[in-house]
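Following: one structure in structure tokens, then a few remarks.
Every number in this text was worked out from the coordinates using simple rules, so none of it is lab data. In this text, all values refer to a predicted model and were calculated from it rather than measured experimentally. Methodologically, a virtual Cβ is constructed for each residue, glycine included, from the backbone with ideal geometry; neighbour enumeration extends over all protein chains shown.
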Amino acid sequence: MKTLLIPTDFSPIAREALYYALEFTHNEPTRVILLHVFDVDYTFGLAISNRIRDDEGIKLEQLESLRQTLQDNDDYKHIKFEIMLHTGSLTYIARDVAERNKIDYIVMGTKGETDANNRIFGSETAKLIHQSEVPVLSVPRGSHLKGLKNILYATDYRERDLTIIGDLVEIARKFGATLHIVHVNKESGLDTQMRYRGFKDIVNEQYTYEHITHQLIITEKLLEGLNDYVTLHEQALLCMCYYKKSFFQSLFKDSKAEDMAYMSKAPLLVFRA
């Protein structure tokens with residue numbers, strides 16, 4: 001049984017991410033933990049203790065109402081819903097809950113548009129992607145999983161990629177989706193071609209799923225190359241592994257919004273190296 005952790009602030013964005021995650025279960029027995037975390041300002045000490053207690057009660061009622069609504073829905077009879085309410089840092093709490101509950105995926109909503117600092121990811125989502133030991137699925141506004149046709153994995157030809165590809169093959173099988181294994185490189189020489197063909201052969205020998213394709217993209221602008229490939233494939237889920245030293249790391253740091261535009265269009269599943 002898979003276990004999903006879904007943080008929520010009860011916003012429309014969080015609600016869309018929640019329903020995307022529920023479709024991700026694909027009618028398989030699943031445990032879902034709905035988590036709400038709120039900050040507490042202790043600057044005024046005991047003077048606000050009653051207010052904090054009232055707010056906590058309100059949030060707990062909202063969580064329970066959401067849980068009950070979902071549990072009563074016949075479409076989700078295969079899911080066991082639980083709720084958790086904590087105060088503190090979302091990143092810290094989510095990591096702790098994930099470790100204690102053997103979470104398989106953390107699912108969070110994102111705006112799908114840039115903020116004042118030209119960043120698409122909110123600070124908490126970016127922190128989780130950096131620090132989480134379990135995969136993080138960020139879902140931009142307007143995303144719908146029904147009809148998932150394409151799963152795109154951006155590979156850097158690392159050993160960990162083979163394990164992740166195995167996980168993605170299983171997801172692709174469930175949805176009948178095509179798994180695209182994509183590598184973007186600036187060089188088109190013999191070494192690049194040998195690595196591409198060698199990795200392709202290893203994958204095809206290890207996994208017999210018939211809907212696997214391989215693509216080598218040669219371009220000076222790596223992010224734009226990946227962007228172009230993503231935009232060509234509708235109803236896609238973009239996946240990658242977060243290595244400390246790779247060009248993919250730039251996606252989560254100070255990349256300009258125009259270089260990251262594709263992230264506003266496709267959900268992103270990030271695995272940890």
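For the reader, a short list of remarks on this structure follows.
- Which listed pairs, of Lys59/Lys149; Lys2/Lys221; Lys2/Lys200; Lys127/Lys174; Lys102/Lys265; Lys59/Lys146, have C-alpha distances above 32 Å, in listed order: Lys59/Lys149; Lys2/Lys221
- Distance between segment 53-84 and segment 195-245 - C-alpha centres, whole angstrom: 38 Å
- Here Phe38, Phe81, Phe24 are placed in order of increasing Cβ neighbour count within 10 Å, fewest first, which gives Phe38, Phe81, Phe24.
- R0 of 22 Å, Cβ-Cβ distance Arg100-Asp9: FRET efficiency to nearest 0.05: 0.55
- Trypsin sites (Lys or Arg not before Pro) restricted to segment 188-239 and DSSP loop, no more than 14 other C-beta within 10 Å: Lys221
- Under 18 Å from the Gln235 label point (7 Å along Cα→beta-carbon), backbone N, segment 122-155: 140, 142-153
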